[in-house]
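All remarks here apply to the structure that follows.
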Amino acid sequence: MVPDWKLIRRSSSAPRWICNEYAGRGMRKARTRTGVVHALKAVFSALIKDAFLLYDAFYFLDNSLQCAIISNRLRHKHFLYLNRARAISEMECIMTVREQQILKWIQENPLISQEQLARKAGITRSSVGVHISHLMKKGYIAGKGYVVKSGTYVAVVGGVNVDIGGMPYAPLVAQDSNPGTVTTSLGGVGHNIARNLALLGMDVQFFTAFGDDDYAARIESACTSAGIDISHALRVKNAATSLYLFISDSDGDMACAVSDMDICEHITSDYLAAHMPLLNNAQLVVIDTNVPQKSLEYLARHCTAPLFADPVSVAKAPRLRKILPRITTLKPNRMEAELLSGCTITGKKSLFAAADALLAHGVQRVFISLGKDGVLAADSTQKLVIPCCPAKVANVTGSGDAFMAALAYAQVHGAGLEETARMAHAAAAIAAESAQTINLSLSAEKMMARMKRTKRGGT
């Protein structure tokens, strides 16, 4: 069968209309498996050029075959077509857009009634009941009373910005113009951690704030494409998205940076309170200190999920002082550890003393980054200095964010202290091998392989 191309309209504004139209007309002509597959290819060859992501699942039926395209699973312009049995199996656990919408409202307000849900969705109460029944069958709601099952996602509360970075071809010369390269990419500690978590295969809910400028549109598009849920992010009208300007030396080490993160002041206690059910339902919550201190303190008082904290910088690390007893895992560098512990680190003994001081404040796990000397991993039972993984360094700017993402990944997977540190070092090494802040080749498989190879003494 040759697809009827006249039925395909290249329009990113109405992908559902295209698929429904094609399903309603062209598919009636497709009576063979090959015909259906050709039709699907035709639809998506047109759509992918203008609509890189579709946000729904469409079903194509004929007399003998049920095909499903799960659009949220599209990666690298690939599509998925399934036979009837496999399609049904997949859809047993995948929510429709309406079900996602209803579950989101239930998570935000577990006491919401079906009448309220019906008004929000613009549908009848009986239809709401059907959707809730499906959510129960798929395992997203346990029993009556909207008992939402524990989330399978990690929440990140922090900043997102546009990174503008420069690296000279030769050793950096101060107070002079240095020939080199300038790159622009998305960054921000919170965003980078969320992005690395997504690369490691984790489901991520990102709570942040950005402006209403062109940069904001880029952030929304990039996060959605990366599989990061930013549906709860705050878009501030008449405000500029954060910018981060950094200069690296010719070896890839950061020489200096300037950060404009004022928009993060909009991540208020009220904003967090409105999303507390989602935060409490997360497997853990990663926070960075671009978030205002009062908001961090509110989060520490009300969030029941484990908190993982990145101090970000010496200037912002003090925001964590009052909430140290609530932090499950803390990842400071040497200077941040000195500031938070009150101990000057001059050698191994004082390093261990700084870790002991942080643990005494109530932190359960501490990972003090020592740069090229590795990391001190400490908890109430042991302290270990773990060396770095060998890497062909191109840019270390994003290594710390990959390290933190791996710490969260390890927690979710029940890793011990040493294994956690080695995982984090492996992720950081992979991140450092990219000229970009985030190495898109990072994956859980590559991280584990690098860790095992390093333990055996390889590179």
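The values are calculated or read from the model by the stated rules, or taken from the named source; none is laboratory data. Note that the coordinates shown come from a computational prediction; the quantities given were computed from them, not determined experimentally. Here the Cβ positions follow ideal geometry from the backbone for every residue, glycine too, while neighbour counts run over all protein chains shown. For accessibility, only protein heavy atoms count, side chains too; no ligands or nucleic acids. Shrake-Rupley method; radii C 1.70, N 1.55, O 1.52, S 1.80 Å.
Some observations on this one:
- Residue identified as open to solvent by 40 Å² or more (accessible area, probe 1.4 Å) and either part of a strand (DSSP E or B) or modelled with pLDDT of 90 or more (or both) among VAL312, VAL286, VAL291: VAL312
- Checked against the criterion of being of a type in the set (S, T, N, Q), closer than 26 Å to MET254 by Cα and touching a Pro at 6+ places or on another chain (Cβ under 7 Å), the candidates ASN161, ASN178 yield just one match: ASN178.
- Residue ID - nearest to GLU265 (Cα to Cα), chosen from residues in the stretch 237-252 that are open to solvent by 50 Å² or more (accessible area, probe 1.4 Å) and of a type in the set (A, V, I, L, M, F, W, C): ALA240
- Some residue of the stretch 344-353 being in a helix (DSSP H, G or I), of a type in the set (Lys, Arg) and open to solvent by 50 Å² or more (accessible area, probe 1.4 Å): yes
- Qualifying residues in the stretch 125-168 (those that are closer than 21 Å to VAL97 by Cα, of a type in the set (Lys, Arg) and at pLDDT below 85) - the one surrounded by the most Cβ atoms within 10 Å (Cβ to Cβ): LYS138
- The residues listed here are LEU186, LEU234, LEU197; of these, the one that is among the hydrophobic types (A, V, I, L, M, F, W, C), in contact with a helix residue (DSSP H, G or I) (Cβ under 9 Å, 6 or more places away or on another chain) and open to solvent by 50 Å² or more (accessible area, probe 1.4 Å) is LEU234.
- Filter result for ARG84 (of a type outside the set (A, V, I, L, M, F, W, C), more than 30 Å from VAL396 (Cβ to Cβ) and either surrounded by fewer than 19 Cβ atoms within 10 Å (Cβ to Cβ) or modelled with pLDDT of 75 or more (or both)): yes
- Residue within the stretch 386-398 that is assigned to a loop (DSSP other than H, G, I, E, B), β-branched (Val, Ile, Thr) and surrounded by 23 or more Cβ atoms within 10 Å (Cβ to Cβ) present: yes
- Number of positions in the stretch 404-459 that are surrounded by fewer than 21 Cβ atoms within 10 Å (Cβ to Cβ), part of a helix (DSSP H, G or I) and touching a strand residue (DSSP E or B) at 6+ places or on another chain (Cβ under 8 Å): 4
- Within the stretch 346-364, residues that are without any contact (Cβ under 8 Å) to a residue 60 or more places away in the chain sit with their Cβ atoms under 7 Å from residues that are open to solvent by 40 Å² or more (accessible area, probe 1.4 Å), at 6+ positions apart or across chains, in these pairs: SER350/THR344; PHE352/LYS383; ALA354/GLU338; ALA355/LYS383; ALA357/GLY342; LEU359/SER380; HIS361/PRO325; GLY362/PRO325.
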